[in-house]
Amino acid sequence: MHHDPLGAGDDFVATFQIEDTSVRGRIARLGDGVLDPILKRHAYPRWAAYLLGEAVTLAVLVSASLKFDGKVMVQAQGEGPVSLMVAEARSDGGVRGYLRLNQEKWDFVDRVNKGQRPHIPQALGRGVMALLLQPNDPNQQPWQSMVPIEGATLSDCAQMWFSQSEQVPTRVKLAVAEISEPGGTKRWRSGGALIQQVAGDAARGDTDEPWDNARHLFGTIEDMELVDPDVPSGTLLFRLFHESGVRLETPKALKDKCTCSDEKLLTTLRQMPREEIATLAEADGAITADCQFCGRLYRFPIATI
């Protein structure tokens, strides 16, 4: 019987521990079951798709540490070509994401950059990026941390969040790739990893040296290693941390799954004034709406609202 080693394959997130140190981490791999359908659903320009792919991967990495049933949202709002970006990962393994784009502004940046990838301030403009942790239980408080949109990459922004909100030294790597198949088909994949120095204790002793060592090794990760289908995550972690030893926990499976539904949309519509609903109706007396995340089209006769 063929047995998959831990950290092989795609569409999972897992936590890991570097043995006998206070350094913990998480690693994620997204492919055909999650990232590819999310990005192909919308005809985003290439670099915009890369950005959303990184945001989704970041949301997934953060979701691996949730201590409650709920969701993690990575949100950015700015004045740039991408005016809104939302990536969501839930404790049930469901993932979704989308971004709103001004094509004219995007084309201008593309011309200025001669097709090179825009850095974060170019893509998002001035604005804020937020990390939101939202429990499903309405009695539990949501938690939000915001940082200004600075730093060249989404990884830079994420490291700023962690240092500001958790005061936990953190390193983050995110990578997205379009893999070309024979015959011209392209498939989207992404990978991400983060390490954190958790508080030391008497048993673990001084925490700085193992952290400096882990940080140095983590810095050697190549983007391609995070996304290459032929390099399982377990193999990558072993390459990095085999001297200390590294323990990978059981991975959690992820899926491309939206949370939109008839009931949710009807609830929203029923909270609107009747006159406003009447102005939204089509000529045949029905209201149509589509989900920005998954593209599903809804249609309700006015009489049912």
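Just so you know, all these numbers are worked out from the coordinates, no wet-lab data involved. Because the structure is predicted, anything quoted here is derived from the model rather than measured. With ideal geometry, Cβ positions are generated from the backbone for all residues, glycine too; neighbour counts draw on all protein chains shown.
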query: GNM on the chain, C-alpha springs below 10 Å: top fluctuator among Arg247, Arg239, Arg29?
result: Arg239
query: Which angle between 0 and 90 degrees, to the nearest 10, do you get for helix 103-112 versus the longest principal axis of the chain when only C-alpha atoms count?
result: 40
query: In the chain, which Cys residues have no partner Cys with a Cβ closer than 4.7 Å?
result: Cys157
query: Computed from these coordinates, which is Cα Rg over 2.2 N^0.38 Å: (i) 0.96; (ii) 1.09; (iii) 1.02?
result: (ii)
query: Who wins for biggest fluctuation among Ala59, Ala43, Ala123 in a Gaussian network model of the chain, springs between alpha carbons below 10 Å?
result: Ala43
statement: Among beta bridges assigned by DSSP with both residues in the chain, the antiparallel ones amount in percent, to the nearest 5, to 95
query: Add -39500 (n - 2.57) for each DSSP H run of 4 or more in the chain, then divide by its residues: what number comes out at 222 nm, to the nearest 500 deg cm²/dmol?
result: -8000 deg cm²/dmol
field: Computed over the chain: relative contact order in percent, which uses C-alpha pairs under 8 Å that are six or more apart
entry: 24
- prompt: If you stretched the chain out fully between Arg117 and Ser261, how much longer would it get, using 0.36 nm times the residue separation minus the C-alpha to C-alpha distance?
  reply: 48.2 nm
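Just to confirm the filter: which GluC sites (Glu not before Pro) across region 24-106 are DSSP coil and have at most 13 other Cβ within 10 angstrom of their Cβ?
Listed in order of number, the matching sites are Glu79.
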- line: On the formula 1/(1 + (r/R0)^6), with r taken between the Cβ atoms of Gln292 and Glu243 and R0 of 51 Å, the FRET efficiency rounded to 0.05 is 0.60
- request: Specify the inter-centroid distance of region 122-188 and region 235-305, based on alpha-carbon positions, in whole Å.
  value: 19
message: Expected output is a single nm value to one decimal: the length gained when fully extending between Thr304 and Asp20, i.e. 0.36 nm times separation in residues minus the C-alpha distance. What is it?
response: 96.1 nm
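In debye to the nearest 20, how big a dipole does the chain give about its Cα centre with +1 on each Lys and Arg Cβ and -1 on each Asp and Glu Cβ? Spell out each step's value before the answer.
Values: 33 positive and 41 negative charges, 125 e Å.
Dipole of the chain, to the nearest 20 debye: 600 debye.
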- request: Take Thr21, Thr15 and order them by how many other Cβ atoms sit within 10 Å, fewest up front.
  value: Thr15, Thr21
